[in-house]
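For reference, the structure discussed in these notes is given below.
Every number in this text was worked out from the coordinates using simple rules, so none of it is lab data. These numbers were taken from a predicted model, which means no experiment stands behind them. Heads up, the Cβs are rebuilt from the backbone with ideal geometry, glycines too, and the neighbour counts pull from every protein chain shown.
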Amino acid sequence: MSLGTKNKASIIAVIGASGTGKSSYIKGELLKKYTRLIVWSPLEQTDNYASFCGGVVVTKITDLVGQIKKGTKAIVYFPTGSDKEVKTQFDRFCRCVWEVEGAHVLVEELSRVTMASWAPPAWKNLSTAGRHRGLTLIGTSQRPANIDKDFLGNCTEIRCYRVNYDTDAKVMADALGLQTEYGTGKTKAVAIKPQKQLRDLPDFHFFHKNPDLSVRRGVNKSL
Ligand SMILES: Nc1ncnc2c1ncn2[C@@H]1O[C@H](COP(=O)(O)OP(=O)(O)OP(=O)(O)O)[C@@H](O)[C@H]1O
Ligand SMILES: [Mg+2]
């Protein structure tokens, strides 16, 4: 039976340049509680989700299917191979996790597997209808200008740390709906445009768009 849309299922984007605090936020806050967890972890050697969640690491889709069938609580998929092979694996990964109702699904570094104008059909399906399966979907990216352009529009929440390129700042200012900020400088009034606000964020500082579309500013909890 499908869990439908009554769950607190959600789609969360976590965006920001390398080292700005994305994975720390995910581990420290988003994955505090889950019934099942499946992680797409291209940087597993440094991210080490397996030790974080005590999960089983798999590198083949057949093994992922096996672990899902066994009911393993936490599974970490570490993709290997050429870019093309990894993209094929990602499509299959998305098809498999679709079956795991109520799971938390984390995809690290979406820009390796989607592009602004292209994403595997199974990812499109997950990021548009995953909520109806009771899935909590979390996707990260260092370069939001390079990821599937529909994804941010489908998110129930967006957490954005500093981005280092104007193209990325533009995409995020738009997705967050940031307004120009007015303050007083030493001699005259200053206007800070949304793109500059995003490019000037110190490490671990963020803008967060809530499900009710309000946007708050904050700093990661200390580790
Ligand atoms: N609030 C904090 N205070 C101090 N250090 C922090 C804080 N949050 C994260 N860090 C440290 O900063 C480093 C980078 O953080 P994190 O791994 O979360 O970055 P990231 O955005 O996921 O980067 P990448 O895109 O490269 O994966 C880590 O070593 C982490 O321990
Ligand atoms: Mg990270």
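When shorter helices are ignored and each DSSP H run of at least 4 residues is given -39500 (n - 2.57), the per-residue value for the chain at 222 nm works out to -8500 deg cm²/dmol. The modelled label-to-label distance for the pair V65/T180, using points 7 Å beyond Cα in the direction of Cβ, is 5.7 nm.
Which of K70/K209; K22/K170; K124/K170; K73/K221; K22/K73 have a Cα-Cα distance over 29 Å? Over 29 Å Cα-Cα: K70/K209.
Helix 83-98 and the longest principal axis of the C-alpha atoms of the chain enclose an angle of approximately 80°.
Compute the acute angle (0 to 90°) between the alpha-carbon long axis of helix 61-70 and the principal axis of greatest extent of the alpha-carbon atoms of the chain; round to the nearest 10°. So the inclination is approximately 80 degrees. Between 0 and 90 degrees, the angle of helix 166-176 with respect to the longest Cα principal axis of the chain falls at about 80 degrees.
Ordering of 205-211, 143-149 by packing is 143-149, 205-211, highest average first (other Cβ atoms within 10 Å, averaged per residue).
Which of rounded, prolate or oblate describes the chain when judged by the alpha-carbon gyration tensor and an a/c cut-off of 1.5? In terms of gyration-tensor shape, prolate.
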